[in-house]
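Written out below as C-alpha cells is the structure these notes cover.
The values are calculated or read from the model by the stated rules, or taken from the named source; none is laboratory data. Computed from a prediction, not measured in an experiment: that's the story for all the values here. Glycine gets a Cβ as well: all are built from the backbone with ideal geometry, and neighbour counts include every protein chain shown. Quick note on the areas: whole protein, heavy atoms, side chains included, nothing else; ligands and nucleic acids left out. Shrake-Rupley method; radii C 1.70, N 1.55, O 1.52, S 1.80 Å.
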Amino acid sequence: MAFHLASPIGDLPGIGSKAQRDFKALGLKSLRDLLFYVPFRYDDYSTTRPLARVRAGEPVTVTGTITSITSHPSKNKKMTLVEAMLEDETGTLPIVWFNQPYLVQTIRPGTTLSLAGTVDFRYKRAMVNPLHEPAGTQVLTGRIVPVYGLSGSLKMHRVRTAMRSALSAAHELVDWLPSEIKEEMPLPDLQTAVRSIHFPESKEALDRAIERFKFDELFLHQLMFACVRRERKAHSAFEIPLNRSTLQTFVASLPFSITQAQRRAAWEIVQDLTKPHPMNRLLQGDVGSGKTVVSAIAASGVIRDKHLVVYLAPTELLCAQQYQAFCRWFPEEKIALFTRSQKVLSGEALGKEDLIERLRAGEVRVVIGTHALFEQTVELPQLALVIIDEQQRFGVAQRHALLEKIRSVSPHLLSMTATPIPRSLALTIYGDLDVSLIDEMPVGRRPVGTAVVPHEHHEAMWTHVKSQIEQGHQAYVVCPLIDPSDVLGSKSVTEMRAQLGKGSLMGARLGVLHGKLKSEERLEVIEDFRGGRLDAVISTTVVEVGVDVPNATVMVITGAERFGLAQLHQLRGRVGRSDLPSFCYLLPNQTTALALERLRCLEKTHDGFALAQKDLQLRGSGNVFGSAQSGFPDFKLATEADMDLMKKAHDICARLLQTQTDFLETPLIAEQLSVAFEAVHLE
C-alpha cells in the first residue's frame, strides 16, 4: 500500500484505533504530522563489539546466537525476569529483560540476534533490557536510535516502526528553502533532513539534519517578523503629547514609590509615544521588578488623550490580576476585561456583544484581554497603544493577527518580558526594536532563600512547609509535566494532591491548578488562595505568571531538573512578594552532576540575567532540545544557544528582502509564510 503525507496514521500497518487515539493525544493525525514529530533524544548504538570486548556502561551493539532463554519470577515476586545467554566466537554474555515474559515465545534458542543496550556488571555482568532484532536488520541496532515522547499505551517500538513506514512518504515533501541558501549554509534538502532526524546514518548526518530544522525555524521566524515590521512601517501612529505634570500627578498617586530604573524606562517609553511613527520597544525586567506599573505610566498619557490602550496577557489569571491593578490605578476610567470566560467593564459583568459594542462606540479607555481580542468581530477604534505582557508567549503570528485589525493608524507597541535575554540576542530574535531595562528591584523586597533538597532531607523540608502554613502563610507546590500526553498537567497535579493530602500536608486546605480546569474554576482557585481560603496550591507552571499572593512564603518545585533556570527563576518569583521571609525548595528527581550544578546556581544568585548566561554555558551550543524551557516557544528545536545560526538566519533574511518584498520570485517561501500565519493558535 502506498502511503502519502495526507494519509491518516491509522493507515500504517499495526496501528489500530487505540494506537491512533494515543497518537492523536500527541497532536499527530497524518503522516505529515508524524514525520515532523522529532525525537527528544537519541541512543547511540553505532559502536559494535564482539562479546569478549564489551565494557560496562558503554552503549553498544552485539550480535550472537541465543543458546538458552528462560522466564521466572524475581525474588520478591513483583516482576518477571527473562534470562538468556548470547554467544559468539569470542565468548558469552548474559541478557536480562524485565516484565517481558512473551519473549520466551518469540526468541528461541538457536536464533541469531543483534542486541543494543548497556552492560551492567552489577547485575551478573548482563546486558539489561536491550533492544533486539534479527541480525543484519539495523533498524534498532548498530546505529543511532531515536527516542520519542510516548502517550497512553504507546510503546517505543510501535512509534519507531510507524515512523519507519511513514518515511516512505517523505519524497512528497516540498522543500521551501531556496537552493542558493542551502548551498551557502550548507544545509541538506528537506527530505534528507527528515529521514536523518529520525534514522540518521551517522552522527554527522544527524547534526546536519538538526541544523536544517533549526535554521528553518529561525529563518521563518525572521521572515515573519520582517512581514510584521513592513506592515507597521506602512502606517502612521497617534502622537501622544507628553504632559509632565499629568505624569507626575499619576506617579504621586501610586501607593508605593517607583525606582529610578522604572522612572528611566517610563521616560524612554513616553518619549517614543510622542512620535508620528509606531513605537516598537521591548521592556525587560526581572521577576517582581515592576514592569506593569511602568506600562501603566505609559498608558496614563494615552488615556488622558482619549485614546484606547490594549493590554494583552497570555492567561486569564494574569488578565484578571492586571485588570484589578488598572482599576485601582485609574478609578475614574472605563477599564474592561475581555477573555473567553469573562467580559467585565468597570466592575460590571456584561454580555459579549454588549462589551464589543461599548468598545466599538469608544466608551472604553483600557481593555485587558487574551487572544480573544483577536476575533474578527472585535473592533478597536482609536487604538493607540498595545502592551504585550510576557511577550515571548505571544508568537509573531499572533501579533500579525492583531495588526491586521488596524487599517490606517498603527498602534505603538510595548512588549514586556521577565525572561532575561542579552541585548544582542533580543535584537536578533525580535528584530529592529528598542530595548528598555529595569535593573533594580522595589524597596523592601527580600531575596528568596533557595535550597536544593536531596531525597533524605525531604521530610524535614515538608515539616518546614507545614510550619509556614501553621503560622498563617501559604505555599505553592509545582509539578512538572511527565507524560507527554498529559499536556495540561492534570495527572501529575492530581497525584501530588492525593499524596500530600494523606501525608506531609495532611489537614491543610489544598487546591489544584492545571490546564484541564475551566477558566472560571482556575480563577476561583486563585481567588480562594489569594483570600486565604486555601493553604497551598498544587499546580503546573500555570502559576509562572499572573499569580500575585504576597502572603505566599514558600514554593516547592518537584522534578526541578526538568525546568530551565530562567523558568525556575520565574517560578521562584511567585514568592518573596512582600517583606516576609520566603523560601524556594528545589526537589530534583535526577541528581546528575550537571543537574545539581545547574540547580545550585539558583542558590547562589537572584540575578535573572546571570542565571540565563549560566544556563547557556552549561547547556552549551550543542544542546538540541529543551525549547519549551528556553523562553522562545515559537521554536521546537532552536534555543538561545544557537546564536550563530540566528545571526545567519537574520542576515540571509535581510539580504533576501533587499531584492524582493512580495516573494513573487520565491513562491514556496510565500506559501510557507502563509501557512505559518494561518497557524495562529488561539486560547
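Among 207-217, 656-666, 112-122, how do they line up by average Cβ neighbours within 10 Å per residue, starting with the highest?
On the way: 207-217: 21.3, 656-666: 12.5, 112-122: 18.2.
Output ranking for 207-217, 656-666, 112-122: 207-217, 112-122, 656-666.
With coordinates expressed along the principal axes, the C-alpha atoms belonging to the range 526-593 extend over 40, 23, 18 Å, beginning with the largest.
Classify the range 212-295 from the C-alpha gyration tensor, please: rounded if a/c falls under 1.5, else prolate or oblate depending on whether a/b exceeds b/c.
Details: a/c = 4.54, a/b = 1.64, b/c = 2.77.
In terms of gyration-tensor shape, oblate.
Per-residue extension of 0.36 nm, minus the Cα-Cα distance of ALA52 and GLN138, leaves a gain of 28.8 nm for this segment. Overall form of the range 43-160: rounded. Here a/c, set by the Cα gyration tensor axes a ≥ b ≥ c, is under 1.5. Computed across the chain, the Kirkwood hydrodynamic radius from all distinct Cα-Cα pairs reaches 28.0 Å.
Evaluate E = 1/(1 + (r/R0)^6) for GLN590 and ALA361, where r is the Cβ-Cβ distance and R0 equals 45 Å; express this FRET efficiency to the nearest 0.05. Show your work: numbers first, answer last.
Numbers: r = 57 Å, r/R0 = 1.27.
Computed FRET efficiency for GLN590 and ALA361 comes out at 0.20.
The candidates SER539, SER236, arranged from most to least accessible area with a 1.4 Å probe in the full protein assembly, appear as SER236, SER539.
Send over a whole-number figure in Å² for the accessible area per residue of the chain, probe 1.4 Å. List each step's numbers first, then the result.
Details: 29780 Å² over 683 residues.
For the chain, the solvent-accessible area averages 44 Å² per residue.
Computed extension gain for GLU665 through ASN551, at 0.36 nm per residue and net of the alpha carbon distance, reaches 35.1 nm. Among the GluC sites (Glu not before Pro) within the range 70-156, those in coil by DSSP and having at most 13 neighbouring Cβ atoms inside 10 Å are GLU89. Just to confirm a number: summing +1 for Lys and Arg and -1 for Asp and Glu over residues other than ASP535 whose beta-carbon lies under 11 angstrom from that of ASP535, what do you get? So the environment of ASP535 carries a net charge of +1.
If we count every other residue with Cβ under 13 angstrom of VAL364's Cβ, Lys/Arg +1 and Asp/Glu -1, where does the sum land? In short, 0. The calculated FRET efficiency for the pair ASP579 and ASP354, based on their C-beta separation and a Förster distance of 45 Å, comes to about 0.60. The base-10 log of I(q)/I(0) for the range 122-253, evaluated at q = 0.22 Å⁻¹, reads -1.32 [Debye formula, identical scatterers on Cα atoms, solvent excluded]. Across the alpha-carbon atoms of the range 235-352, the computed radius of gyration and Dmax are 14.6, 42 angstrom. Summarising the label geometry, the points placed 7 Å from Cα in the beta-carbon direction at GLU180 and ASP651 lie 1.6 nm from one another.
Within the assembled protein chains, the solvent-accessible surface assigned to MET441 is about 80 Å², based on a 1.4 Å probe. By how many degrees, between 0 and 90 and to the nearest 10, does the Cα long axis of helix 608-619 differ from the longest principal axis of the chain? On a 0 to 90 degree scale, this one is about 20.
With respect to the chain, whose longest principal axis is taken over its alpha-carbon atoms, helix 593-604 is tilted by about 20°. When the trypsin sites (Lys or Arg not before Pro) in the range 496-537 are filtered for DSSP coil states and for at most 12 other beta-carbon atoms within 10 Å of their beta-carbon, the remaining sites are LYS518, ARG533.
Rounded to the nearest 0.05, what FRET efficiency do ARG164 and ALA460 have when you use their Cβ-Cβ distance and R0 = 56 Å?
That gives a FRET efficiency of 0.65.
Which parts of the range 277-318 would a label at GLU527 reach, counting a residue when its backbone N lies under 13 Å from a point 7 Å out along Cα-to-Cβ? Label zone hits: 317.
So how do ARG328, ARG49, ARG143 rank on accessible area, 1.4 Å probe, biggest first, that is with the largest at the start?
Numbers: ARG328 155, ARG49 40, ARG143 20 Å².
Putting ARG328, ARG49, ARG143 in descending order of accessible area: ARG328, ARG49, ARG143.
Given the rule -39500 (n - 2.57) for each run of at least 4 DSSP H residues, summed and divided by the residues of the chain, what is its mean residue ellipticity at 222 nm, to the nearest 500 deg cm²/dmol? All intermediate terms of the calculation are to be shown ahead of the outcome.
Values: 22 runs with 251 residues, N = 683.
After summing the helix terms and dividing by the residues of the chain, the value is -11000 deg cm²/dmol.
The modelled label-to-label distance between PHE40 and ASP11, using points 7 Å beyond Cα along the C-beta direction, is 2.9 nm.
I'd like the antiparallel share, as a percent to the nearest 5, of DSSP beta bridges with both residues in the chain. The antiparallel proportion sits near 40 percent. Among the protein heavy atoms of the chain, carbon and sulfur supply 52% of the accessible surface, probe 1.4 Å, non-protein parts ignored. Pairs with C-alpha atoms separated by more than 26 Å, drawn from the list LYS182/LYS647; LYS182/LYS636; LYS614/LYS648; LYS18/LYS516; LYS291/LYS466, are LYS291/LYS466.
Below 11 angstrom from the Cβ of GLY10, what's the summed charge of the other residues (Lys, Arg +1; Asp, Glu -1)? Walk me through the numbers on the way to the answer.
Numbers: positive: LYS18, ARG21, LYS24, LYS29; negative: ASP11.
Summing Lys and Arg as +1 and Asp and Glu as -1 gives +3.
Compared with the dominant Cα axis of the chain, that is its longest principal axis, helix 643-659 is turned about 60°.
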